[in-house]
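The values are calculated or read from the model by the stated rules, or taken from the named source; none is laboratory data. Worth saying up front: this structure is predicted, and the values here are computed from it rather than measured. Cβ placement follows ideal geometry from the backbone for every residue including glycine, while neighbour counts extend to all protein chains displayed. When the accessible area is computed, the model is the full protein with side chains, heavy atoms only, and any ligands, DNA or RNA have been set aside. Shrake-Rupley method; radii C 1.70, N 1.55, O 1.52, S 1.80 Å.
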Amino acid sequence: MFHRECGYYKTSYQGDQAILPFPIAKQAIFGLLLLFLIVIPFFANEYYLSQLSLVAIAVVGALGLNILLGYTGQISIGHAAFMSVGAYTAANLVTRIEIGGEQLPFFLALPAGGIMAALIGLVVGIPSLRVKGLYLAIATLAAQFIIEWIINHTPAISGGAAAAIEVDRPALFGWVMNEQWELYLFVMFFAILAIMAATNLVRSRVGRALVAIRDQDIAAEIIGINVFKYKLYAFAISSFFAGVTGVLYMYYFSIATYEQFQIVVSIDFLAMCIIGGLGSIVGTIFGAFFIIMLPVVIRIVMESFGPYFMDPSYLPQVIGQLRLIFFGGLIMVFLIVEPEGLNRLWQNIRNYFRVWPFSY
Amino acid sequence: MAEPNGHDSILSVRGVSKNFGGVRANNDVSIEVPRGKIFAIIGPNGAGKTSLLNMISGFYVPDAGEIAFEGKSINGLKPNEIAEHGIGRTFQNIALFRGMNVLQNMMLGRHVLMKTGVLSSFVYWGKTQREEVAHREKVEELIDFLRLNDLRKAPTGELAYGLQKRVELGRALAAEPELLLLDEPMAGMNQEEKEDMVRYVLDIAEQRGTTIVLIEHDMGVVMDISDRIAVLDQGEKIADGTPDEVRANPRVIEAYLGADH
């Protein structure tokens, strides 16, 4: 009933290379899909459904950043800027192009936003060919501010003084997704798609080449990897995921505004990758869940227990501050205690039960 | 280009020089590496052996002279382009991808032989999967050859030193190179590990027909397994020939033991 190799013999390399090599893993994934796609949309209330939707959107963006940061070892502090590129690209396309009286459908707007972000990402990635580490961090930080400034100061992109463009709810052949559960399933679909794409990427030729660049760029060159090309690939892929994330945010909130994509958001996504586990797909999902759900948990705890030891009128302020305190504190704790993040904790638990109840 | 012993040469280094500021790493070095043979480059520390290897594999561009592989000049090509031409290499200080297991390291070795691009790897099922499985089979043959079977899923960072060297050799071999450059493959090994490594090097040359260029300090090994030896001293080639010729060469004795000997 646990994750155990014992008793399962693989008879093909295909079987050995599968993402879910054991029946228990397949059952677990099936169970999770059942839970998240059928049980939760039916039974969860609107508030939790909205929070889980935000987790799903964040998973897409965090996967993109982890491909760049965790797998390729290139830092980017401009991740939110690429989201804004995706969001504003899609918002402009959707509001300006009408097909049969309807706004441009999401299945065209979404890849368009992603591709535009990937193109901008390629340009921002060029410094990575020359600089590493802190210097690259500064270069991408500059990209964050430059992109933000350009969008803000170009009415043709930002749609006027408020720098916000409103869009309709996503619609599929006349079915408009107005309800919370419909939006939830909409973003969940793309989160699952992103998880599959990222998993496939990192277990095949391109993903291995990215990890090679992270681990030993000189050795990567000697075995024939074009380091420049693959670094740019990493930036483009990461920005594509970010662009799609931006479009999802736009659809989810029905508005594209630069305020959703400021530097704080970039830091949030960095935190998701670090707390979740650099270079781990599962960890990224944990990280996104953790960062989005932390404020929710703090609020619930404080609203239940806070009144016992403080004036209830202070609570809203305290909750806002507590979020920041916990956030900073937890990043420090993780960097010191478990630099490999939640993914490592998960693996430790799994490995413990591999031979349980025996010692070895 | 014909060699004295009648073999054609796979690699020709002609009059190559390299300076780093005032330091002369190589000066007018010429070697001809015969196809299918084991060619050793020896010399005291700082003789310019590794910098010569670095020029062959494209990390340094020679200041003068030409390097030709299979009759074509490879001057100025980038390391990854030279790898695509069929030159493999291992490093003096192990350069494995420590975040990956043995299998992934060896699969990476086959990077130049694989074709999957970004988009098809997103989809995976179909073309990419078939390619992964086909190359996995080749890698498994190599794992058998190097007797790494029980370690294929072990993280390379945790392996013993001698095994790491063997995995690195495997990674270079996985690309099926015509020419394999080994930079001190036996440095820091105990006797048993050395014997294993010598056996692998001989088997590679014999079974796969791979030409091997070897830098090594263990004279016993070099004299035993090399077909030809070039001796470098202070950046210049002072001798070139069969082990017996090199052993008898007075300039070699002088370089190694001093002029008063």
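Summary table below
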read-out	value
Where only C-alpha atoms are counted, convex hull volume of segment A:69-199 per residue in Å³	127 Å³
Residue-span extension gain [B:Q191 to B:R24] - 0.36 nm each, minus C-alpha spacing	56.6 nm
GNM flexibility winner over chain B from B:V139, B:V123, B:V33 (Cα, springs under 10 Å)	B:V123
Estimated dipole of chain A in Debye, rounded to 20 [Cβ of Lys and Arg +1, of Asp and Glu -1, Cα centre]	1160 debye
Relative compactness, segment B:36-161, computed as alpha-carbon Rg over 2.2 N^0.38 Å	1.28
Sorted largest first, extent of chain A alpha carbons per principal axis (Å)	66, 62, 43
Under 5 Å, built H, 5+ apart or other chain: amide partners of B:A64	B:S17
log₁₀ of I(q)/I(0) at q = 0.12, 0.18, 0.25 Å⁻¹ - segment B:97-176, Debye sum with one point per alpha carbon	-0.34, -0.71, -1.15
Kirkwood-Stokes translational diffusion coefficient of segment A:179-279, alpha-carbon pairs, 20 °C, 1.002 mPa s, µm²/s	136 µm²/s
Per residue, in Å², the accessible surface of chain B once ligands and nucleic acids are set aside, probe 1.4 Å	43 Å²
In nm, spacing of pseudo-spin labels at A:I126 and B:R98 (7 Å Cα→C-beta vector)	3.5 nm
Average partner coverage of A:166-175, which counts Cβ from other chains inside 10 Å	0
Zone of B:K138's modelled label, taken as backbone nitrogen in segment B:111-125 under 17 Å from a point 7 Å along Cα→Cβ	B:111-117
Delta accessible area of at least 10 Å² on complex formation, residues of segment B:120-136, 1.4 Å probe, chain isolated as reference	B:S121, B:F122, B:Y124, B:W125, B:Q129, B:E132, B:V133, B:R136
Simple spin-label estimate for A:I99 and A:A142 in nanometres, 7 Å along Cα-Cβ	4.0 nm
FRET efficiency, 1/(1 + (r/R0)^6) with R0 51 Å, evaluated for B:R208 and A:R323 via beta carbons	0.25
Nonlocal amide H pairs with B:I238, under 5 Å, H built at 1.01 Å	B:V231, B:L232, B:D233
Heavy atoms of A:F22 accessible to a 1.4 Å probe, total area in Å² rounded to 10	10 Å²
Segment A:233-249 - phi-based ³J(HN,Hα) in whole Hz, Karplus 6.51/-1.76/1.60, Gly and Pro as x	3, 4, 5, 5, 4, 4, 5, 4, 4, 5, x, 4, 4, x, 5, 5, 4
Rg/Rh ratio calculated on Cα atoms of chain B (Kirkwood radius)	0.99
FRET efficiency, 1/(1 + (r/R0)^6) with R0 51 Å, evaluated for A:I29 and A:M302 via beta carbons	0.90
FRET efficiency, 1/(1 + (r/R0)^6) with R0 56 Å, evaluated for A:V337 and A:F173 via beta carbons	0.65
Segment B:187-214 residues near the modelled B:R35 label - backbone nitrogen below 13 Å, point 7 Å along Cα→Cβ	B:209-211
Inter-part distance where segment A:171-243 and segment A:66-132 are each reduced to a Cα centre, Å	12 Å
Centroid-to-centroid separation of segment B:173-202 and segment A:1-64 [C-alpha atoms, Å]	44 Å
Karplus 3J(HN,Hα) series, Hz, for segment A:223-228 with 6.51 cos²θ - 1.76 cosθ + 1.60 (x for Gly, Pro)	8, x, 8, 7, 4, 4
Carbon/sulfur fraction of accessible area - chain A, other protein chains in place, 1.4 Å, %	70 percent
Over chain A, relative contact order from alpha-carbon pairs under 8 Å, at least 6 apart, %	29 percent
Derived scalar couplings ³J(HN,Hα) [segment A:162-170; Karplus, 6.51 cos²θ - 1.76 cosθ + 1.60; whole Hz; x for Gly, Pro]	6, 6, 9, 10, 8, 10, 6, 4, x
Rg over Rh [alpha-carbon atoms, Kirkwood Rh] for the protein assembly as shown	1.06
Using alpha-carbon coordinates, inclination of helix B:127-145 to the longest axis of chain B, degrees	50 degrees
For segment B:91-136 versus segment A:310-360, the gap between their alpha-carbon centres in whole angstrom	34 Å
Highest-fluctuation residue, B:E216, B:E178, B:E132 considered, GNM on chain B with Cα pairs under 10 Å	B:E132
Pairwise Cα inverse-distance average, inverted: Kirkwood Rh of segment A:1-100 (Å)	17.9 Å
